[in-house]
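Notes to accompany the following structure.
The values are calculated or read from the model by the stated rules, or taken from the named source; none is laboratory data. Just so you know, these numbers come straight off a predicted model, no measurement behind them. Ideal geometry is used to build each Cβ from the backbone, glycine not excepted, and the neighbour counts take in all protein chains shown. Just so you know, the surface numbers come from the protein's heavy atoms only, side chains and all, with ligands and any DNA or RNA stripped out. Shrake-Rupley method; radii C 1.70, N 1.55, O 1.52, S 1.80 Å.
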Amino acid sequence: NVVCVAVLVRHGSGAGGMGSLPRQLAANPLILGCAAGLVVNLSGLPVPAALLGTADVLGDAALACGMICVGAALSWRSHPKVTRALAVSTAAKLVALPLLAAGLCRLWGVGGTAATAVVLIQGLPTAASAYVLARRMGGNAPLMSAITAGQTVIALITLPLALHMV
């Protein structure tokens, strides 16, 4: 998230330049959520069950809303290089990363459930939050929508194949 925000601050049209990077990082809900989760986890304090239930409902809704936004913005002709961008990003994210993860797991002797989790996490498609971040920070949101939707569909094929690597 930090790297994505930094790239969008540098190259996005609505971010305000590199001088605004600390402000953009401090205001980014994804980064704030990760930081809050880390603080709660490290504090060792129990989280009330009602709060956990509420967080689950909001998290499920956020994922659905993000995918609805991606679908609403989807246009395969929205960017002249959508096919190339989808092919390159898919090859890297859905093929190269799981292969690298599987190779490193074998090299380091990691097996079983741990290796399966590592390979599957590396083989997941780009998150819907990438589209939301691109839209918010002046990135190429239509292209990100096409990549997100395309990778989600292609992952139906590549994720089962990734399972066979471990």
**Study point:** Matching residues, the range 138-154, being closer than 16 Å to Ala91 by Cα, crowded, with 19+ Cβ neighbours inside 10 Å and among the hydrophobic types (A, V, I, L, M, F, W, C)
**Key:** Met144, Ala146, Ile147, Ala149
Exercise for review: Kindly provide the set of residues from the range 111-123 that are farther than 21 Å from Leu94 by Cβ and not in a helix (DSSP H, G or I), ordered by number.
Suggested key: Gly111
Review point. Can you name the number of the only condition in (1) more than 21 Å from Met67 (Cβ to Cβ); (2) of a type in the set (Phe, Trp, Tyr); (3) within 15 Å of the chain's Cα centre (by Cα) that Tyr131 fails?
Key: (1)
Exercise for review: Restricting attention to the range 1-56, report how many residues are more than 17 Å from Ala134 (Cβ to Cβ), among the hydrophobic types (A, V, I, L, M, F, W, C) and surrounded by 10 or more Cβ atoms within 10 Å (Cβ to Cβ).
Suggested key: 13
Exercise for review: Find all pairs meeting these conditions: Cβ atoms under 8 angstrom apart; at least six residues apart or on different chains; first residue within the range 111-137 and open to solvent by 40 Å² or more (accessible area, probe 1.4 Å); second residue among the hydroxyl-bearing types (Ser, Thr, Tyr) and modelled with pLDDT of 85 or more.
Suggested key: Ala127/Thr148
